[in-house]
Every structure is written in structure tokens, then in C-alpha cells.
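Let me begin by presenting the structure, written as C-alpha cells, before commenting on it.
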Amino acid sequence: NKTLYDVGKAIIVAGGKGKDDSLWDATQMVSNFAYQALLYQGFTKDTIYYLNANKDKLDLDNNGEFDDVDATSTKANLQQAIIKWANDTDNLTLYLTDHGGHENFSFSNAELLSATELSGWLNTWQGEKNGKVKIIYDACSSGSFLPHFVPPAGQNRLVITSATADQKAYFTDNGNLSFSFLFWDEILKGVDVGKAFTDTS
């Protein structure tokens with residue numbers, strides 16, 4: 001039974017073109033919702049690493065402190081989160097959302113991460129511990145990452161994308177009508193990953 005919340009750590013990446021991005025409000029909303037869904041299913045602040053441009057401005061667990069975002073969304077911070085922060089778990093969930101692009105994830109107008117580079121980091125992480133990786137990626141052309149996310153031989157990797165390589169992803173009503181919102185709403189209800197995907201698709 002593939003679940004997001006059996007054991008392990010999770011990394012959330014709110015990407016895009018920055019805080020002036022026309023999709024930023026929707027991107028941040030679905031990323032915050034993913035954080036809440038993971039908390040509800042047993043993750044903790046210590047087992048979620050959240051990358052968001054609005055560091056020091058979000059209080060997602062209502063403790064009166066802006067301490068839920070761990071770092072800003074940059075390539076270096078994501079690499080550190082995968083290679084170092086997640087080094088003590090063998091079960092990693094990675095959720096990413098941005099504008100999308102063919103085989104590229106955008107942190108800003110100036111900083112892109114290629115599918116090959118991200119897969120290389122995940123290969124390194126898995127190769128050290130034979131760990132399980134679950135990737136959920138919501139963006140236009142997110143399916144273009146799939147050929148690059150084939151795991152190393154003998155490794156377990158589940159990949160879910162919201163679109164094919166040449167499809168658009170939609171974030172309407174400030175993100176309330178999106179693959180991400182529907183998917184994380186299913187996870188919030190305790191549905192397993194496979195059923196959440198089929199129910200959302």
C-alpha cells in the first residue's frame with residue numbers, strides 16, 4: 001500500500017518566477033495545502049523541509065511564529081535538502097510545483113533546474129541507502145521529467161505528474177481548481193497515493 005505518510009521525510013518546493021509571478025498566489029496556496037495535508041497525516045515540522053520564496057512570512061501550524069519555511073526556493077537549497085537533510089531517512093516524498101517547462105523546473109526567471117540534474121541528486125540519495133522516493137510534480141509539461149526519473153536498477157521510485165510532456169497544467173480559482181489541490185485533498189482524507197492520483201486524474 002503506497003502511502004505518503006508511513007515513515008520518512010518530505011520536501012516541498014514552491015517554484016515559479018518569483019513573488020511577482022502571476023501564478024505565485026496559486027503556487028503558494030497549493031504548496032501550503034500540501035504542508036497541511038502532510039502534517040495531518042503524521043509528518044511533523046521536523047520531517048518536512050519547505051522551500052518557499054516567502055521565508056519568515058508564513059505561520060502554517062498556527063504557533064505564532066514564522067518558522068515553517070526552512071529556506072528560500074533555490075537550486076542549491078533543494079540539493080542540500082535532498083543530499084544532506086534527507087540523508088537520515090530511507091523514505092523520501094518530494095512535491096514540486098512551478099510554471100513548468102520542457103525538462104526544466106524554474107525557481108526564478110534566472111534559475112532553472114534540469115530534469116537530468118534533479119534525477120542525479122535523487123540517484124545519489126537512493127544509491128546510498130536503497131531508499132524509496134515518491135515524486136509529485138504539478139506543472140505544465142511536467143510529464144517531460146518522466147523519462148529522466150527512471151530509478152537505478154533495483155530501486156523503488158514512484159513518480160506522479162499532473163500533465164504529459166506537452167500538456168498544460170491548470171491553476172484556476174487561485175489554485176483551488178488544480179491537480180495539486182485535488183490530490184492533496186485526497187491525501188488529507190487518508191487516501192493512498194495511487195487512488196489519490198486516479199481520483200484526481
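Dividing the helix sum by the residues of the chain, where each DSSP H run of 4 or more adds -39500 (n - 2.57), gives a mean residue ellipticity at 222 nm of -9000 deg cm²/dmol.
Toward the positive end of the charge dipole of the stretch 31-157, about the Cα centre and with charges on Cβ (Lys, Arg +1; Asp, Glu -1), which of W125, F43, Q79 goes farthest? The Cα lying farthest towards the positive end belongs to W125. Surface composition of the stretch 7-124: carbon and sulfur make up 46 percent of the accessible area, probe 1.4 Å. With both residues required to sit in the stretch 36-188, DSSP beta bridges show an antiparallel share near 25%. Residue ranges 76-85, 30-39, 53-62 sort as 30-39, 76-85, 53-62 when ordered by packing (mean number of other C-beta atoms within 10 Å per residue, highest first). Globularity index of the stretch 39-122 is 1.15 (Cα radius of gyration / 2.2 N^0.38 Å, N = number of residues). Surface analysis of the chain yields an accessible area of 44 Å² per residue, using protein heavy atoms and a 1.4 Å probe. Neighbours of D46, meaning other residues whose beta-carbon lies under 14 angstrom from its beta-carbon, give a summed charge of -3 when Lys and Arg score +1 and Asp and Glu score -1. Residues considered: T161, T89, T97. Largest GNM mean-square fluctuation over the chain, using C-alpha springs under 10 Å, is found at T89.
Note that the stretch 83-201 shows a convex hull volume over its alpha carbon atoms of 117 Å³ per residue. What label, among (i) 19.1, 62; (ii) 15.3, 46; (iii) 17.3, 59, belongs to Rg and Dmax of the Cα atoms in Å computed from the structure on display? Identified label for the calculated read-out: (ii). Just checking the listed ones, G190, G64, G120: in the Gaussian network model of the chain with Cα springs under 10 Å, the one fluctuating most is G64. Structure remark: mean-square fluctuation, Gaussian network model of the chain, C-alpha springs under 10 Å; the largest value among N91, N52, N174 belongs to N174.
The values are calculated or read from the model by the stated rules, or taken from the named source; none is laboratory data. Small disclaimer: the values here were computed from a predicted structure and weren't measured. Cβ sites come from the backbone with ideal geometry, for glycine too, and all protein chains shown count toward neighbours. For the accessible areas, the whole protein counts, side chains as well, though only heavy atoms, and no ligand, DNA or RNA atoms are used. Shrake-Rupley method; radii C 1.70, N 1.55, O 1.52, S 1.80 Å.
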